[in-house]
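Undergrad: Quick one: this structure, given as structure tokens, is what I'll be asking you about.
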Amino acid sequence: MATLKHVLFTGSALLTAALAGGGIQGGITVGATDELGYNIVEDPIDVHDLHATALHLLGLDHERLTYRFQGRDFRLTDVSGRLVTKLLT
């Protein structure tokens, strides 16, 4: 049976995601909002961090997954992106 995980992301709007299986730790909540649910007050996770964690679970190193375009190196996690170990089992 899959378990759900809720994650709060930083940005112009809050986003809640439910993640299940594939090496994601079940039954925990990461992050918290204020009483109105408008601002993040605890453990924000950037979308680039989520991408880096998902790529890690797929067995890929997000820092090595780079392509060159018009003289600049690009990657899915841009120049940021860190592995969120709280989400992993």
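Undergrad: Report the one residue of 45, 15, 81 whose Cα lies farthest in the direction of the positive end of the charge dipole of segment 6-87 (charges on C-beta: Lys and Arg +1, Asp and Glu -1; origin at the Cα centre).
TA: The Cα lying farthest towards the positive end belongs to 81.
Undergrad: Taking each pair of distinct Cα atoms in the chain once, what is the resulting Kirkwood hydrodynamic radius in Å?
TA: Over the chain, the inverse of the mean reciprocal pair distance is 14.1 Å.
Undergrad: Quick check for me: using +1 on Lys/Arg Cβ and -1 on Asp/Glu Cβ, what's the dipole size of the chain about its Cα centre, in debye to the nearest 20?
TA: Once rounded to the nearest 20, the dipole reads 400 debye.
Laboratory data are not the source of any read-out in this text; all were calculated from the coordinates shown. For clarity, every value in this text was computed on a predicted model and none was experimentally measured. Note that we place each Cβ from the backbone using ideal geometry, even for glycine, and neighbour counts take in every protein chain shown.
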